Each structure stands twice: as C-alpha cells, then as structure tokens.
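The structure under discussion appears below in the form of structure tokens.
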Amino acid sequence: MLRYVTTNPGKVHEAERYLRDGSVERLDFDYPEIQAAELGPIAAQGAREAYRHAGEPVLVDDAGLFVEGLDGFPGPYSSYVEETLGVERVHEIAADLDDRRAAFRCVLGYCDGDGFDASPDPVDRGDRDAAAAAGPDADADDSDALPVKLFEGYVPGRIVAPRGEGGFGYDPIFEHDGETFAEMDTERKNAVSHRGRALEKFAEWFADR
Ligand SMILES: O=c1[nH]c(=O)c2ncn([C@@H]3O[C@H](COP(=O)(O)OP(=O)(O)OP(=O)(O)O)[C@@H](O)[C@H]3O)c2[nH]1
C-alpha cells in the first residue's frame, strides 16, 4: 500500500483524482522538515523520514509560493508564513511591489526503502548538492542513503487581491490565466497546477515501474 503522507487535507483532496484506484491511502503524519533553500532536499529527506515511520512505500508533497518581487520568498517557508503573517498580509506586502509575478512549485518525494532507477534530474542533483553542503553530520544516519525519486511541478501566475472561495492556502491570491486558484474547481486547478503536474508525472512513472 502506498501512503500519501501529509497533514494538509487540501493536498489530499487534489491528489485523490490521481490516487483513487484504492492503492493509496493518506497517512496524517507530521514528518520533521529540514530547512533548505529548495523544495527538493526537503521532500527527499521528508520521504526518508516518512518511510522510516510508515515502514511501507510513501509519497510526500512539499510545496511553496515563490514571489518574484520578493526574490522567491516565502518559497520553502510558505507554510510558516501562512501560519504567522497570513495570506492577506502576503497580498498586502506584494501589493507594494512592481513585480507581482509568482509561481507555485511542488516536489513529490517517493521512497519505498528499496533501490530503483533514480535517473538523475535537476531536482535529484539539488538534493545531493544540499546534502554535501549540509556537512558530514547529514550522512550520520544510515537512512539518509535511502534512494528517493522526486517529481516536480510548476505553475506561473501573479499575486492579486483575494478572490474566490475554493482551494486552500494561498489560492485566493494566486491568479493564473485570469482566474485565481480559489475560483477554479478542483478539476480545473489540477489541470494547470504545480501539484497536478507533479502528480501526473508520478502516476505515469508509478504505473510503468
Ligand atoms: O494556495 C495554495 N495552493 C496550493 O496548491 C498549495 N500547495 C501548497 N500551498 C501552501 O504552501 C505551503 C506548503 O507547505 P508544506 O508543503 O510544508 O505543506 P503543509 O505544511 O501544509 O503540509 P505537509 O504536507 O507538510 O504536512 C502551505 O502554506 C500551503 O498552504 C498551497 N497554497
């Protein structure tokens, strides 16, 4: 059984379409997240932690909002900023910027405790670089050697005044193609979103392996 490991019901709701054949179940576990400038290393280490906890194949989802005019902030800190400042404050800060372009990114990390053909891609390389930069202690635990396969999704947009009732998180202030994510139904959001794109890549790879 594959476990989709997250504390965020909004993520699970969006993933259901891709995971609905009964072979995946949500596991509500708050795995420890490392601090890093990129999502890849956070998802990779999170997948290892989640696998160690679950003892069966896991998929974790690390996501964030990257605002151009704020040099990518809040990025990997999106969850913390949502909890502390709140989405409305992020919009207020962005409203003063000349450049309100933004992007959502999502990295899914899959770990089954086994080896598989983890052909290097830019995200995988980022993980290795980050592990090297973290110093020798980063490799102290044997589980750090567990291979993790990463899948990335990205969607460009811009920050606008809040509109719409759907979705979760920053959805009301993120506009793509004239609509905010909170104005889209789940199917429409999945068709264009960072998570939908990453899940599509994962589902294709998972079915073929
Ligand atoms: O408007 C949004 N539309 C999205 O599609 C979306 N995806 C993620 N986010 C936000 O970005 C942070 C992720 O943080 P995150 O990956 O650490 O997840 P999380 O802490 O919510 O749960 P977990 O999966 O780690 O348990 C959190 O603030 C999420 O609300 C989104 N906001």
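The values are calculated or read from the model by the stated rules, or taken from the named source; none is laboratory data. Because the structure is predicted, anything quoted here is derived from the model rather than measured. Neighbour counts run over all protein chains shown; Cβ positions are idealised from the backbone, glycine included. Ligands, DNA and RNA are excluded from the accessible area calculation, which covers all protein heavy atoms including side chains. Shrake-Rupley method; radii C 1.70, N 1.55, O 1.52, S 1.80 Å.
Hey, got a sec? Which trypsin sites (Lys or Arg not before Pro) in region 1-83 land in a DSSP loop and have at most 10 other Cβ atoms within 10 Å?
Answer by residue number: ARG20.
Convert each backbone phi in region 67-81 into a coupling constant with the Karplus relation 6.51 cos²θ - 1.76 cosθ + 1.60 (shift: θ = phi - 60°), then list the ³J(HN,Hα) values in order as whole Hz, x for Gly and Pro.
9, 4, x, 10, 6, x, 5, x, x, x, 9, 4, 5, 5, 5
Any chance you could list the semi-axes, whole Å, largest first, of the equivalent ellipsoid that the Cα gyration tensor gives for the chain, using √(5λ)?
Here the semi-axes work out to 29, 20, 14 Å.
So what is the relative contact order for the chain, in percent, with contacts set as C-alpha pairs under 8 Å and at least six apart?
21 percent
Considering only protein heavy atoms and a 1.4 Å probe, what is the carbon-and-sulfur percentage of the accessible area of the chain?
Looking at the chain in its full context, I get 46 percent from C and S.
Nothing charged except the Cβ atoms of Lys and Arg (+1) and of Asp and Glu (-1): what's the magnitude of the dipole of the chain about its Cα centre? Round to the nearest 20 debye.
Around 360 debye, computed over the chain.
Of all beta bridges DSSP finds with both residues in the chain, what is the antiparallel percent, to the nearest 5?
80 percent
Could you derive backbone 3J(HN,Hα) for region 21-28 from the dihedral phi with the Karplus parameters 6.51, -1.76 and 1.60 (θ = phi - 60°), listing whole Hz in sequence and x where the residue is Gly or Pro?
Result, rounded to whole Hz: 7, x, 8, 10, 10, 6, 10, 7.
Accessible area of HIS53, 1.4 Å probe, to the nearest 10 Å²?
Rounded to the nearest 10, that gives 100 Å².
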